[in-house]
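First up is the structure itself, then whatever we jot down about it.
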Amino acid sequence: MHSFWVDLLVALIKMVVILLIALGIGAFLTWVERKVAAHIQRRPGPMVVGWHGLLQPLADGLKLLTKEDLFPRHGDKFLYHLAIILALVPATLVFSVVPFGPEFEVFGYKVKPILSDVNVGLLLVFALGSMAVYAVALAGWASNSKYPLIASMRKAGVLVSYEVVITFAVMGPIILAGTLSTYEIVQKQIEQKLWYIWVQPIAFVVYMFAALAEMGRVPFDVQEAEAELVTGFTVEYGGMKFGLFPLVEWYIEGLTLSAIAVVLFFGGWSPINIPFVGFVDPLFFLGPLSPFVWFILKTTALFLFILWLHWTLPRYRIDQITQNAWKIMLPLTLFNIVITAVLAPIVWR
């Protein structure tokens, strides 16, 4: 009975931490993106509210909360609100299978810094990620307006195409690790002394393109093409309801996809890797905190890389986006799976 209450307390603490990461850091990342975009375009970005605009996310949140909450005439109220839930909840739940570091001990109790280390962790990630299609489709349909509907159909087409691509892209690391558990995939890379990025470069490139499409980032943001569709499928949403969609799509999903990429290709919490030789840890002086710092640094670097691409590349047409998925990226992933399946037993033997 004592163990049950301890397990329950640890699980509750993990859930609180995950919610703080998903919602708290997600809101702060709006400031990060505005600063990154500003420096890419040689301008200062937010500078007024707080030091270098650090309190700008708080000001934006207050503004959205105090705006009038309008509802489109003849819209479907139930589906209109359900779309927000289907966007926010699954994206946040993905964090439950993200391992932030190795197992550690507190007062004799062993703690894994992952909410749920299930043996089908990656399957759960993509099952939850696929719920975004329903959120987008319902948002466009329930708004009872032609522009949101067009945008939602565009976005749904992109999501369906790249869900297939990203699922096949992660098959390479899965074959090498022999497991679907996110925690075990990191452990396997540490045991094998190999980040999978060194032997899965095709999978990584395809994964990153698919991640951009999943988030609706440039060059895949046709659902929000300002010159055509105003703000896309969220145009009939106002106040905080309007703010939640980009929070989920651009920032929470951006963090989760970056974290999953770190788990799959960059050895999770492991330090710098020399392929098949071992690891070098320049942060050894941090002691037991070093693995957690490495995980944060890698995830941050990937997220900033996504922002860099977003503010650099031009936008594709919708037909180019789907053609890239089905005619280029899907065959590449299938080729990568075949090569990995043939070579993996030879390499590990």
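The values are calculated or read from the model by the stated rules, or taken from the named source; none is laboratory data. Owing to the predicted nature of the structure, the values given are computational and were not obtained by experimental measurement. Using ideal geometry, Cβ is built from the backbone for each residue, glycine included, and neighbour counts are taken over all protein chains shown. For the accessible areas, the whole protein counts, side chains as well, though only heavy atoms, and no ligand, DNA or RNA atoms are used. Shrake-Rupley method; radii C 1.70, N 1.55, O 1.52, S 1.80 Å.
Six or more apart or on different chains, Cβ atoms under 9 Å: show the pairs whose first residue is in region 60-85 and more than 14 Å from S143 (Cβ to Cβ) and whose second is polar (S, T, N, Q).
Matching pairs, first to second residue: D60/T30.
In region 161-182, which residues are open to solvent by 10 Å² or more (accessible area, probe 1.4 Å), hydroxyl-bearing (S, T, Y) and part of a helix (DSSP H, G or I)?
The one that is open to solvent by 10 Å² or more (accessible area, probe 1.4 Å), hydroxyl-bearing (S, T, Y) and part of a helix (DSSP H, G or I): T167.
Do the conditions hold for L65, that is, is it out of contact with any strand residue (DSSP E or B) (no Cβ under 6 Å at 6 or more places or on another chain), hydrophobic (A, V, I, L, M, F, W, C) and under 20 Å from S258 (Cβ atoms)?
Details: out of contact with any strand residue (DSSP E or B) (no Cβ under 6 Å at 6 or more places or on another chain): yes; hydrophobic (A, V, I, L, M, F, W, C): yes; under 20 Å from S258 (Cβ atoms): no.
Answer is no for this residue.
Of the residues F233, F303, F279, which is surrounded by 14 or more Cβ atoms within 10 Å (Cβ to Cβ) and touching a strand residue (DSSP E or B) at 6+ places or on another chain (Cβ under 6 Å)?
Details: F233 fails: touching a strand residue (DSSP E or B) at 6+ places or on another chain (Cβ under 6 Å); F303 fails: touching a strand residue (DSSP E or B) at 6+ places or on another chain (Cβ under 6 Å).
Within the list F233, F303, F279, the selection yields F279.
Scan region 212-234 and report the pairs whose first residue is at pLDDT 85 or above and whose second residue is assigned to a loop (DSSP other than H, G, I, E, B), with Cβ atoms within less than 6 Å and a gap of 6+ or a chain change.
Once the first residue is at pLDDT 85 or above and sits in region 212-234, its partners that are assigned to a loop (DSSP other than H, G, I, E, B) give L212/F220; A213/F220.
When region 91-149 is examined, which residues are found to be in a loop (DSSP other than H, G, I, E, B) and open to solvent by less than 10 Å² (accessible area, probe 1.4 Å)? Before the answer, list the steps.
Within region 91-149, the first condition is being in a loop (DSSP other than H, G, I, E, B), and the residues that meet it are 98-103, 107-108, 112-120, 130, 143-145.
Correct list: V98, P99, G101, I114, S143.
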